[in-house]
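Here is the structure we will look at.
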Amino acid sequence: MNILLVRVSSLGDVVHNMPIVADILRHVPHAQIDWVVEEGYTALVRLNPGVRNVIPFALRRWRKSLMQAATRAEISAFRRRLREVEYDFVFDTQGLLKTAIVMRLARLTPAGQRIGLANATDGSGYEAISRIFHTMSVPVGVRTHAVERGRVVVATALGYALDRPADFNLSAPPATPRPHWLPAQPFAVFFHATARAAKQWPVAHWVTIATDLAARGMPVLLPWGSPAEKIAAGQLAAQIPNAQVLPKLSMMDAVLLAHEAALAIGVDTGLTHIAAAFNRPTIELYIDSPRWKTEGNWSSNIINLGDEGHAPTVDEVRGAITDLMGAP
């Protein structure tokens, strides 16, 4: 059975789609699974050994130069790659027009099916027009967790029950040679940065928690993704004696950072969800986004604090650190 998954972005959503692969292979062991994803996330998807082929999709880059011959040639090559295999099932678990078009371009077996979401979940970016290419549309509850949403669609179509917690089945990212910025001793990482100010945790709280970790002899690493976030990391580090502002990291360096952390504390952002997907000791901080949508609920190594409109307190985070790491 050949199966194609279409989930192209964003970082957190791609991570949350991973358990579908383990689900399928547990119930349909002979399945061969391919995945279409934005080119920036291909290395991440390749960490899942259950995926046979990763097919890069570069719409973000293509739309900037659609009239150029080189871009049109790349699009043609993508279409040919997409049609090399006849698929028994194509799943669009994103529910957008662009992903539905990718679904439509894929080649089916005579009895093949194109399957996607029948409706939006609360706050999702679902586009109802995506259903025009479906042979089957699967309804989900409006408050279905981001991980469960895709799992439900695929399980319903393939006729199996979801009877286990999510299994992300991610291999360790390559760490050879070991990056110079990665400490040899156990470290904590603060995924403090987010594009939306309302989702940020107060600087004073980060400083207090870092001071507690210093008493444990644990350094704190501060990644960043934009010039503004670099400035924020520097300002935070100036108040934390055990903090290190990291250099600009590639996607896979950031994944390695999440994988190697002895403790990850982060706001509702993609890298926090990657640490949780690796089942690292992770504290997820929900401040201005609903916890039910993305909370890590598949491992006792993950503690979720706060909720939309109810930021977690310093004492709650301290308690979570003790639960995960023991008393200092």
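The values are calculated or read from the model by the stated rules, or taken from the named source; none is laboratory data. Worth saying up front: this structure is predicted, and the values here are computed from it rather than measured. Neighbour counts are summed over all protein chains in view; Cβ atoms, including those assigned to glycine, are modelled from backbone coordinates with ideal geometry. Keep in mind that these areas ignore ligands, DNA and RNA; they rest on the heavy atoms of the full protein, side chains included. Shrake-Rupley method; radii C 1.70, N 1.55, O 1.52, S 1.80 Å.
Okay, here's what the table says:
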quantity: Selected residue [assigned to a helix (DSSP H, G or I), of a type in the set (A, V, I, L, M) and more than 17 Å from ALA198 (Cα to Cα)] from ILE303, ILE321; calculated: ILE321
quantity: Filter result (free of Cβ contacts under 8 Å to residues at least 60 places away in the same chain and within 13 Å of PRO19 (Cα to Cα)) within region 138-148; calculated: GLU148
quantity: Helices (runs of 4 or more DSSP H) contained in region 228-300 and holding at least 2 residues aliphatic (A, V, I, L, M) and touching a residue at least 12 places away in the same chain (Cβ under 8 Å); calculated: 251-260, 270-277
quantity: All helices (runs of 4 or more DSSP H) inside region 43-114 with 1 or more residues being surrounded by 13 or more Cβ atoms within 10 Å (Cβ to Cβ) and of a type in the set (Ser, Thr, Tyr); calculated: 69-82, 97-105
quantity: Given (1) crowded, with 16+ Cβ neighbours inside 10 Å; (2) out of contact with any strand residue (DSSP E or B) (no Cβ under 6 Å at 6 or more places or on another chain); (3) under 17 Å from ALA31 (Cα atoms), number of the condition GLY159 does not satisfy; calculated: (1)
quantity: Hits in region 171-201 - residues which are open to solvent by 60 Å² or more (accessible area, probe 1.4 Å) and either part of a helix (DSSP H, G or I) or more than 25 Å from ALA43 (Cα to Cα) (or both); calculated: GLN185, PRO186, ARG196, ALA197, GLN200
quantity: Count of region 273-283 residues which are open to solvent by less than 20 Å² (accessible area, probe 1.4 Å), in contact with a helix residue (DSSP H, G or I) (Cβ under 8 Å, 6 or more places away or on another chain) and under 13 Å from VAL15 (Cβ atoms); calculated: 5
quantity: Unique match (being modelled with pLDDT of 95 or more and over 13 Å from VAL189 (Cβ atoms)) among GLU260, GLU316; calculated: GLU316
quantity: Residue list for region 284-309, restricted to those being closer than 17 Å to LEU324 by Cα, touching a strand residue (DSSP E or B) at 6+ places or on another chain (Cβ under 8 Å) and open to solvent by 30 Å² or more (accessible area, probe 1.4 Å); calculated: GLU295, ASN297, ASN301, ILE303
quantity: Selection count where residues are within 21 Å of ASP288 (Cβ to Cβ) and either among the acidic types (Asp, Glu) or open to solvent by 30 Å² or more (accessible area, probe 1.4 Å) (or both), scope region 202-218; calculated: 5
